[in-house]
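Participant: My structure is below; once you've seen it, I'll send some questions.
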């Protein structure tokens, strides 16, 4: 079982001056009710002659384990580049919502995680919520095949259950944890990262939180707060061409319509772009946004003939757009800063980003105090 508390420094601990006001956890869990769980799978023993495990699964429960699990969550989806998979998005595009937990894992374990979430949900009947005839879990993936033997199917139903049963609020571990365990970002060790922003809008306070599984980018393109850090940190290169993927999940307690949440998901793409990637052909860059507001318990025949939906005006959403881009950008850098070096299959080694080297570059560009 993986601790949910982060033991590594975060980007702000290095003095990086990210804009915006973060929540108390600076995590997606700053949105009330959201819980995150991990199962990290690291082993050097082979399965059926296959290679080592450097993988895992991350789960996000929009309403927590004790909340109405099957209550719809309004959502929007955006594909910045579609060389990847996120299940359930056709229904999100059609109906504007999803139900149940979100899972994030490696490419070849997507089916296992999808089925295991269904099994977990079936074992936990919701009181007060109309039973659904079917469920379409949202599960996203990125490829960890450089360090992990994906063909060994190391992630099992037990790991998914662990990630769901241990999901909690509060501070979150980052880097080599959960689905991000074997991921690589800008040719450094990458993985799981999170951040949040608190904004004031029309007399109310709202939170935008983000969690990413960062597995994309090539070194020369890496930018941190606009500084071309990757041009200066040239050691331990891995490849020449853009590859990999990122899953970005954005959550908010602001009342938004599904069309507005799709707009928020697009702004997650801007946060990804701020780190320097052009979202290359081989990268699956998939963005999901959801709101915990407008709780609807049932679509049964007993439901009101006309429902009410609260939402903010479109022409006042700019501050939410900026908060989303800021949170996604910082979450990616948090994943880089928190990650530790890793040796995986075939003794392949991936270095972690050097904190002192990053600070030195940022000072040279006058983005960090001496």
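The values are calculated or read from the model by the stated rules, or taken from the named source; none is laboratory data. Predicted model, so just to flag it, every value in this text is computed and none were measured. Every residue, glycine as well, gets a Cβ built from its backbone with ideal geometry; the counts of neighbours run over all protein chains shown.
Participant: If the Cβ limit is 6 Å and pairs must be 6+ apart or interchain, which residue in region 233-244 that is more than 11 Å from residue 283 (Cα to Cα) pairs with which residue that is at pLDDT 95 or above?
Facilitator: So the pair list comes out as 233/357; 236/351; 237/187; 237/219; 238/187.
Participant: Give the residue, chosen from 305, 323, 331, that is outside any helix (DSSP H, G or I) and either under 23 Å from residue 74 (Cα atoms) or without any contact (Cβ under 8 Å) to a residue 24 or more places away in the chain (or both).
Facilitator: Values: 323 fails: outside any helix (DSSP H, G or I); 331 fails: outside any helix (DSSP H, G or I).
Just a single option satisfies the conditions, and that option is 305.
Participant: So, one more: Going through 101, 72 one at a time, which residue ends up being touching a strand residue (DSSP E or B) at 6+ places or on another chain (Cβ under 6 Å) and modelled with pLDDT under 95? Please lay out each step first, then the result.
Facilitator: Details: 101 fails: modelled with pLDDT under 95.
When all the criteria are applied, what remains is 72.
Participant: Return the residues of region 233-249 that are surrounded by 16 or more Cβ atoms within 10 Å (Cβ to Cβ), touching a helix residue (DSSP H, G or I) at 6+ places or on another chain (Cβ under 7 Å) and under 20 Å from residue 342 (Cα atoms); say none if nothing qualifies.
Facilitator: Correct list: 233, 246.
Participant: Tell me, which helices (runs of 4 or more DSSP H) lie completely within region 81-172 with 1 or more residues that are in contact with a helix residue (DSSP H, G or I) (Cβ under 6 Å, 6 or more places away or on another chain)? Before the answer, list the steps.
Facilitator: Values: elements: 89-95, 110-122, 157-165.
In region 81-172, the matching helices (runs of 4 or more DSSP H) lie at 110-122, 157-165.
Participant: Evaluate region 298-321: report whether one residue or more is buried (at least 22 other Cβ atoms within 10 Å of the Cβ) and either under 17 Å from residue 260 (Cα atoms) or modelled with pLDDT under 95 (or both).
Facilitator: Filtering region 298-321 down to residues buried (at least 22 other Cβ atoms within 10 Å of the Cβ) leaves 320.
Subsequent filtering for residues that are either under 17 Å from residue 260 (Cα atoms) or modelled with pLDDT under 95 (or both) retains 320.
Yes - at least one qualifying residue is present in region 298-321.
Participant: Quick check, is residue 284 part of a strand (DSSP E or B), out of contact with any helix residue (DSSP H, G or I) (no Cβ under 8 Å at 6 or more places or on another chain) and farther than 20 Å from residue 310 by Cβ?
Facilitator: Values: part of a strand (DSSP E or B): yes; out of contact with any helix residue (DSSP H, G or I) (no Cβ under 8 Å at 6 or more places or on another chain): yes; farther than 20 Å from residue 310 by Cβ: yes.
Considered against the rule, which asks whether it is part of a strand (DSSP E or B), out of contact with any helix residue (DSSP H, G or I) (no Cβ under 8 Å at 6 or more places or on another chain) and farther than 20 Å from residue 310 by Cβ, residue 284 comes out as yes.
Participant: Here is a check on your reading of the model: is residue 230 surrounded by fewer than 24 Cβ atoms within 10 Å (Cβ to Cβ), in contact (Cβ under 8 Å) with a residue 12 or more places away in the chain and farther than 25 Å from residue 75 by Cα?
Facilitator: Working: surrounded by fewer than 24 Cβ atoms within 10 Å (Cβ to Cβ): yes; in contact (Cβ under 8 Å) with a residue 12 or more places away in the chain: yes; farther than 25 Å from residue 75 by Cα: yes.
Yes, satisfied.
Participant: Further question: Considering only strands (runs of 3 or more DSSP E) fully contained in region 179-270, which possess at least 2 residues that are at pLDDT below 95, closer than 17 Å to residue 148 by Cβ and out of contact with any strand residue (DSSP E or B) (no Cβ under 7 Å at 6 or more places or on another chain)?
Facilitator: Values: elements: 191-201, 204-216, 244-252.
Ranges flagged: none.
Participant: Contact list please: Cβ distance under 7 Å, first residue in region 348-362 and surrounded by fewer than 17 Cβ atoms within 10 Å (Cβ to Cβ), second residue assigned to a helix (DSSP H, G or I) and at pLDDT 95 or above, pairs at least six apart or on different chains.
Facilitator: 355/14; 355/337
Participant: Related question: Among (1) exposed (fewer than 15 other Cβ atoms within 10 Å of the Cβ); (2) under 18 Å from residue 236 (Cβ atoms); (3) more than 25 Å from the chain's Cα centre (by Cα); (4) at pLDDT 95 or above, where does residue 343 come up short?
Facilitator: So the condition that residue 343 fails would be (3).
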